[in-house]
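Report on the following structure.
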Amino acid sequence: MMRLQKFKQLIAWAMLGLITSWIVSCSPGKVATNNQPTASGTAKIEFWTMQLQPQFTNYFQSLIANFESQNPGIKVNWVDVPWSAMENKILTAVSAKTPPDVVNLNPDFASQLAGRNAWIDLDTKVPPTVRSSYLPNIWQASTLNGKSFGIPWYLTTRLTIYNTDLLKQAGISTPPATYAQLAQVAQQIKDKTGKYAFFVTFVPQDSGEVLESFVQMGVTLVDTQGKAAFNSPQGKAAFQYWVDLYKKGLLPKEALTQGHRHAIDLYQSGETAFLASGPEFLKTIANNAPKIAQASLIAPQLTGDTGKKNVAVMNIVVPRDTKQPDAAVKFALFVTNDENQLAFAKAANVLPSTIKALSDPYFQDVPATASTVEKARVISAKQLQQAEILTPTLKDFNKLQKAIYENLQAAMLGEKTVDKAVEDAAQQWNNR
């Protein structure tokens, strides 16, 4: 159960279990370059990633070496930044007009700076033939006010990981497919086993999965003018759903104070029956809790009556103040081209964002004897065909999430009625 803005943290945890050492065969994205070289005759660009060392050091060293051999007039300096430091570091660099040339972010945070005109308008730099190689709905995630500010990189869609032992104890034969079914089995699991069905966080700065569940339940969050649209029968029903679960004792009380990491801890310790997460976490569970992993199977992502499913996106942006815009865009397209996306997706157990890479047999089919991890990859890839960014791209999206979560918490604690909580959240957003 994970929102795009926490996706970076989840990938970091998953990567702790990965050991990678490979050489990648790459081909450059086709984009014209006319950047002016430095006095030495070489265009130097700086590339920032988020906590990919040391697990992916060999990968990026090989990728950069291949790029430089094919583009002898460009040199790349790779800087890996800790997750916790990236937002402040890039904000400072952008404000001081001394940014790196290529940066790995996510659409949520990047859109906030896109609203301040921090990134290059990629529609003027990426030819339509190159742009069309990416999944159209995923490219759309990095647009704001009709302009493209980012290039898609790797993706994930949530799956439902479930503990077959706990379901058997509760007398449940199949995992729920919808939130309505989840509420029903949550009571059954609590009554039969004393355990919780699942954990979801209502911490405003953490996962946005609850906000995504609103959209899956048919709620429109904002209208075309950016005003609150969730003060509606559907919005009140979504608020009521989560309030009821909490008041019935079907959600752990720490849902109001702990982040998504707690969901993983509870599942690994056998205290919850379901974990909504990306398939990359299956290896983490196998390493940390082998017995739980042995009892775990996977099912498609939970959804609402709409049938909508989420996708989380990591992208690459090019700051407007780069001194080497064409070289930077060329490298960004190289990192995200078909060959490199396929190689990175295989290594990190994530999904590529290009049409050709996603059509590779690796994501299409597995034998009946395949491992749970292999089966999860195929289910996750199939979901991507219908998946979408569920929440709107807004420069101050974090304020929308904060308004809804804080008022939802107040209703869960009995401090407000559901109607009042919805009304106050809408007013808080509109008056921001």
Between the stretch 82-122 and the stretch 375-389, what's the alpha-carbon centroid distance in Å? 29 Å
Over the stretch 252-340, relative contact order from alpha-carbon pairs under 8 Å, at least 6 apart, %: 14 percent
Alpha-carbon centroid distance for the pair the stretch 132-210 / the stretch 354-371, whole angstrom: 22 Å
Using amide H atoms built in the peptide plane, which far-off residues or other-chain residues are under 5 Å from residue 74 H to H? 43
Once the principal axes of the Cα atoms of the stretch 273-412 are found, what is the range along each, listed largest first in whole angstroms? 53, 47, 32
Using the Kirkwood radius built from alpha carbon pairs, what does the Stokes-Einstein equation give as D for the stretch 208-364 at 25 °C and 0.890 mPa s, in µm² per second? 127 µm²/s
When each of 97/308; 248/395; 236/308 is checked by Cα-Cα distance, pairs over 31 Å: 97/308; 248/395
Can you compute the FRET efficiency between residue 205 and residue 369 using 1/(1 + (r/R0)^6), with r the Cβ-Cβ distance and R0 = 35 Å? Round to the nearest 0.05. 0.25
Max mean-square fluctuation residue, GNM over the chain, Cα-Cα springs under 10 Å, options 357, 348, 96: 96
Enumerate the aspartates and glutamates that residue 346 could reach by cross-link, defined here as Cα to Cα under 13 Å, with residues fewer than 8 away along the same chain left out. 280, 338, 360, 374
Residue of 116, 377, 131 that the Gaussian network model of the chain assigns the largest fluctuation, springs spanning Cα pairs under 10 Å: 116
Karplus ³J(HN,Hα) for the stretch 346-354 (6.51 cos²θ - 1.76 cosθ + 1.60, θ = phi - 60°; Hz, whole; x = Gly/Pro) runs 5, 6, 9, 6, 10, 10, x, 10, 9
Once amide H atoms are built 1.01 Å from N in the peptide plane, which residues 5 or more positions from residue 144, or in another chain, come under 5 Å H to H? 149
By how many degrees, between 0 and 90 and to the nearest 10, does the Cα long axis of helix 397-412 differ from the longest principal axis of the chain? 10 degrees
Given contacts defined as C-alpha pairs under 8 Å and at least six residues apart, what's the relative contact order of the chain, whole-number percent? 27 percent
Which value in Å does the Kirkwood hydrodynamic radius of the stretch 86-218 take, with 1/r averaged over all unlike C-alpha pairs and then inverted? 18.5 Å
Extension length gain for residue 359 and residue 257 (0.36 nm per residue less Cα distance), in nm, is 32.6 nm
Calculated from backbone phi, Karplus (6.51, -1.76, 1.60) coupling profile of the stretch 83-88 in Hz, x at Gly/Pro: 3, 5, 9, 4, 4, 5
Under the Karplus relation 6.51 cos²θ - 1.76 cosθ + 1.60, θ = phi - 60°, what is the ordered set of whole-Hz ³J(HN,Hα) values for the stretch 319-336, x standing for Gly and Pro? x, 4, 8, 4, 8, 10, x, 6, 5, 5, 5, 4, 5, 4, 5, 5, 4, 9
Tell me the relative contact order for the stretch 363-432 as a rounded percent, counting alpha carbon contacts under 8 Å between residues six or more apart. 23 percent
Acute angle (nearest 10 degrees) that the helix 233-247 long axis makes with the longest principal axis of the chain, alpha-carbon atoms: 70 degrees
Between 126, 215, 366, find the one with the highest GNM mean-square fluctuation for the chain; connect C-alpha pairs within less than 10 Å. 366
So, in nm, how far is label residue 165 from label residue 58 when the simple model puts each one 7 Å beyond its Cα toward the Cβ? 3.5 nm
Let me spell out the model: positive unit charges on the Cβ of Lys and Arg, negative unit charges on the Cβ of Asp and Glu, origin at the Cα centre of the stretch 129-282. What dipole size does that give, in debye rounded to 20? 220 debye
Taking neighbour Cβ counts within 10 Å as the exposure measure, how do 420, 125, 330 sort from fewest upward? 420, 125, 330
Non-local residues with an amide H under 5 Å from the amide H of residue 337, with H modelled 1.01 Å from N and Pro and chain starts lacking one, are none
Descending semi-axes in Å of the chain, equivalent ellipsoid built from Cα gyration tensor: 38, 26, 17
DSSP-defined beta bridges in the chain - what % are antiparallel, rounded to 5: 60 percent
If the cut-off is a Cα-Cα distance under 19 Å, which aspartates and glutamates reach residue 323, setting aside same-chain residues fewer than 8 apart in sequence? 46, 68, 101, 121, 123
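None of the figures in this text is laboratory data; all of them are computed from the coordinates on show. Keep in mind the model is a prediction, meaning the values are calculated, not measured. Note that each Cβ is placed from the backbone with ideal geometry, even for glycine, and that neighbours are counted across all protein chains shown.
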